[in-house]
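Read through the structure below, which is laid out as C-alpha cells, and then see the notes.
Only the coordinates and a few stated rules stand behind these numbers; no lab work does. Treat the numbers as computed from the prediction; the structure is a model and nothing was measured. Here the Cβ is made from the backbone with ideal geometry for all residues, glycine too, and neighbour counts use every protein chain on show.
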Amino acid sequence: MWYLCVFYHRLLDYRKPEFESLADLFGAFEDKRRPGNRVLQWRLPQHHHPDSPFYFVDLPSEDVAKNVANRSILVKGIYELWGEGGSYEELEEAVKSYPDERKLPYLGSESTFKITVDSFGKVMSLLEQNERIRGLSYISFKGRVNLKNPDHNFWLMETDDIATNNGLPPVAQRRIFFGREVGGADRKLLPTYQLKSRNYLGPTAMDAEMAFLMANQAQAAPGKLVYDPFVGTGSILVSAAHFGAMTMGADIDIRVVRDGRGPDRNVWSNFKQYGLPMPIALLRADNNLPPWRPGLKEVFDAIICDPPYGVRAGGRKSGGRKLLKGVIGPYTVPDDKRADHIPSTAPYSLAECVHDLLDLAARMLVIGGRLVFFYPVSREEDLCEDHFPEHPCFELVATSEQILSSRYSRVLLTMVKTSSYTEELALAAWMKHLEFKANHSKWLEEGKNLHSSVFSPADVHHSGDSKLSKESKRKYRGKYV
C-alpha cells in the first residue's frame, strides 16, 4: 500500500537510507509477493523537487509503516493519504472519492480525533488554520475532539509554490494533502541525549542525532551485539543501547576506557546517566592488532564507528616509531609499572585503518551483519562507489554524504556482510586494498592535509581556474545541516 511519508527537512542524503534500513529491520522485505526485492518503491508528489520532504512510499503493511515512523529520526510522520490536490476543491473531490470502507472505521462516534494543520515553505496564522479545519466539514466526523490524547490524528498539509524565494526546494505548484497519521518520530529523545548535557565528553564525541542515525542504519535492536572499535567516550554505543542492543567497545587510549575524568565521569557514567544497560566490556585494544583469539569468528551483529581520519583526531597504532623502524626490540613492562603504563603508539594511516576495519568486520560480523562507518572523500571529484573501500565479503547498500568543507566531505557507508570469511577472500581483499591505496594515496595518506583542507577556506589554496570555482549545485536551507 502507498503511504505519504513526510521527512524533516535536514540531512537530506540520510533520509531514505535510514528509512530503508528500518523497513528491512521491521520485515518490509519478507513479503512473499516480492521475492528478491530489497529496495522500496518511492514516488514524488506532482510538481515536487527531489529534495522535497514529501514522498510516497510503498510498504507491505501499516504495522511496518508505524514501526518505521515511530523509531526513525528523520521521518516526521507517515500517513494514510485520503486525498490530495492543487486546490481545496480538488482535495474535497479526492477525499470524497476515497473508499468509505477505509474511512468509516476512524470516523465513528466511539472514537476521539484531532486535526492538525501544517505547512511547508510558509507560515499560517491560527486564524488561517481554523478556517482550513472548518473547510473539512464535508468529512463526517462523529467522534469527540481530543487535542491531548486522541485515538486518531488527522493532518492537513499544504506546500507553498515557487513564487516565494525562501531558500527551500522549489515547488512549481501548490499541493495540499489530507490523511490519517500512522506514526511519527519522537524527536524528544534528541534533547534528552544532547551532548551539552552529557556527563563525559571528548573532542570526537558523535552528535546525538548522527549517533542515532548510525544506530538505525546498523539496525540496532534487542538481542543484538554492537561493537565500536574506536569507542572514545561511547556516544555511538549509547544510541545503540537506547534501542535495546547489547554493546561492547574498544579504544587504543587506556586513559579513555579505564579512567575518564574520574570515577563519576567516564564512559560507564554516560550509560548510567540515561539508565541504559552497561556495556558488556570496554577494552584497551588496537584496531591494527586485534585482541581476538585465532579462529574466533562471527560474534557481532553490527559494528558502528567513526574511524580517526585526521580531522578532529589522527589515528594511532601500537608500537612507537623506534619499535616499528627496528631501532629497538620488543620490550616487557615490569610488573611494578604495569598499572600506570601507557603503551607507545605510532601514526596510523587512514588507508591502513580502513583495511583493518574491513578485515575485522569480515571476521567478526555474522552473515547479514552491518558495518556502518564514516569515510572522508574529496569534493573535487564526482562522488561514486569507486572512491570507497571494498571487501569481497561485503555489499555496499547505502551512502550518505555530509559536507565538512568546500573541498572534503564525509560519507556514512553502510555495508552488509554477504559471505563468510576465508583466507582466499582475505587475500582478495588485500589486493583490493593495495589497488585502492595506490589510486587514492594523494589524500588518503595525508591526514594533516585533510585537516587543513577541512578547516581552511578554499580560496586560500586554489586559483580561479580550479574545479572548485565552477558553479556548484544549488544548496537549500537545511540540506547539509
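Considering only C-alpha atoms, what is the centroid distance from segment 87-107 to segment 198-256, in Å? Computed from Cα coordinates, the inter-centre distance equals 45 Å. Just check segment 190-454 against the gyration tensor rule for me: Cα atoms, a ≥ b ≥ c as the square roots of the eigenvalues, rounded for a/c under 1.5, and otherwise prolate or oblate depending on whether a/b exceeds b/c. The shape class here is rounded. Out of 373, 193, 414, whose Cα points farthest toward the positive end of the dipole of segment 190-454 (charges: +1 Lys, Arg; -1 Asp, Glu; placed on Cβ)? In segment 190-454, that residue is 193. Computed from backbone phi with θ = phi - 60° and the Karplus coefficients 6.51, -1.76 and 1.60, the 3J(HN,Hα) list for segment 334-343 is x, 4, 6, 10, 5, 4, 10, 6, 10, x Hz; x is used for glycine and proline. Restriction of the chymotrypsin sites (Phe, Trp or Tyr not before Pro) in segment 56-157 to DSSP coil positions whose beta-carbon has at most 12 other beta-carbons within 10 angstrom yields 138. A Förster radius of 41 Å combined with the Cβ-Cβ distance from residue 56 to residue 420 puts the calculated FRET efficiency at roughly 0.60.
Modelled spin labels at residue 298 and residue 111, positioned 7 Å past Cα toward Cβ, are 4.5 nm from each other. The per residue volume of the convex hull around the alpha-carbon atoms of segment 2-186 is 129 Å³. Using R0 = 35 Å, the C-beta based FRET efficiency linking residue 46 and residue 142 works out to 0.60. Restricting the calculation to Cα atoms, every distinct pair contributes to the Kirkwood radius of segment 98-237, found to be 19.3 Å. The calculated FRET efficiency for residue 265 paired with residue 396, based on their beta-carbon distance and R0 = 35 Å, is about 0.35.
Radius of gyration over Kirkwood radius for segment 82-152, both on Cα atoms: the Rg/Rh ratio is 0.97. Using the Karplus relation 6.51 cos²θ - 1.76 cosθ + 1.60 with θ = phi - 60°, the per-residue 3J(HN,Hα) values for segment 194-200 come to 4, 5, 5, 9, 6, 5, 10 Hz, with x marking Gly and Pro.
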